[in-house]
């Protein structure tokens, strides 16, 4: 067994034994990391609050048979404002939940790591808004190969008359290819979604509140369908 260095963004953690926690992180080089922080639940833990969700950290790990043990941790960025209000907590929680759902253990995740890092930076610097989360979800879907088809009909390939949307068919449909499970799209929604999917997170297209809500709803349900994973962080919006 040997020591190794890594970095990651904390996605979540959960109790392990009497005093430890398993800490799950996203590493740019190694994808999803499952590590153990020994003694972190003790009052005088040497880790303090350095392994809270959303925190970007540098690590020294002792390689174990099943779980690597964190021996040293240094905070790169704690993103303190992400915990300052419920909207930011929900937005950041959604981002790390999606990263957790799509990342694989032992596989490079540089694009996903950089996207998550950039998303948290934007949340830290600005007020949380639905379009930022929607854009993050669309970009994550693209990285893992499940992005919705928005430029042409998923049935016949036509680029005009895209008036319907189907989760099962993978995106927009024309009237001729509509299915009983598809539903009508609001005017401008596919163009707006395409803009959110491609624009930089600090230069997102603007829309009225109704279009923004519908874009979030469509993207959320599409991702939940194709990942077979309910986004629990967004459940607060349903209450």
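Residue under question is residue 101, and the condition is that it be out of contact with any strand residue (DSSP E or B) (no Cβ under 6 Å at 6 or more places or on another chain), surrounded by fewer than 19 Cβ atoms within 10 Å (Cβ to Cβ) and either within 17 Å of residue 19 (Cβ to Cβ) or not assigned by TED's automatic domain parsing to the domain that holds residue 9 (or both); does it hold? The answer is yes for residue 101.
Residues checked against (1) out of contact with any helix residue (DSSP H, G or I) (no Cβ under 7 Å at 6 or more places or on another chain); (2) at negative phi; (3) in a loop (DSSP other than H, G, I, E, B); (4) at pLDDT below 90:
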{"residue": "13", "(1), (2), (3), (4)": "yes, yes, no, no"}
{"residue": "26", "(1), (2), (3), (4)": "no, yes, no, no"}
{"residue": "36", "(1), (2), (3), (4)": "yes, yes, no, no"}
{"residue": "47", "(1), (2), (3), (4)": "yes, yes, yes, yes"}
{"residue": "51", "(1), (2), (3), (4)": "yes, yes, yes, no"}
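Residues in segment 122-143 that are outside any helix (DSSP H, G or I) and either touching a strand residue (DSSP E or B) at 6+ places or on another chain (Cβ under 8 Å) or buried (at least 18 other Cβ atoms within 10 Å of the Cβ) (or both): 128 alone.
Just one of the listed residues (36, 22) is over 22 Å from residue 114 (Cα atoms), within 21 Å of the chain's Cα centre (by Cα), surrounded by 14 or more Cβ atoms within 10 Å (Cβ to Cβ) and outside the structural domain of residue 115 (by TED's automatic domain parsing), namely 22. Taken over segment 158-208, the residue count meeting the criterion of being part of a loop (DSSP other than H, G, I, E, B), in contact (Cβ under 8 Å) with a residue 12 or more places away in the chain and over 14 Å from residue 134 (Cα atoms) is 14.
Residue selection: residue 91 satisfies the criterion of being buried (at least 22 other Cβ atoms within 10 Å of the Cβ), part of a helix (DSSP H, G or I) and touching a helix residue (DSSP H, G or I) at 6+ places or on another chain (Cβ under 9 Å). Summed over segment 214-239, the residues that are farther than 19 Å from residue 141 by Cβ and touching a helix residue (DSSP H, G or I) at 6+ places or on another chain (Cβ under 7 Å) give a count of 1.
The values are calculated or read from the model by the stated rules, or taken from the named source; none is laboratory data. Please read all numbers here as calculations on a predicted model, not as lab measurements. Counting neighbours? That spans all protein chains shown, and the Cβs are built from the backbone with ideal geometry, glycine included.
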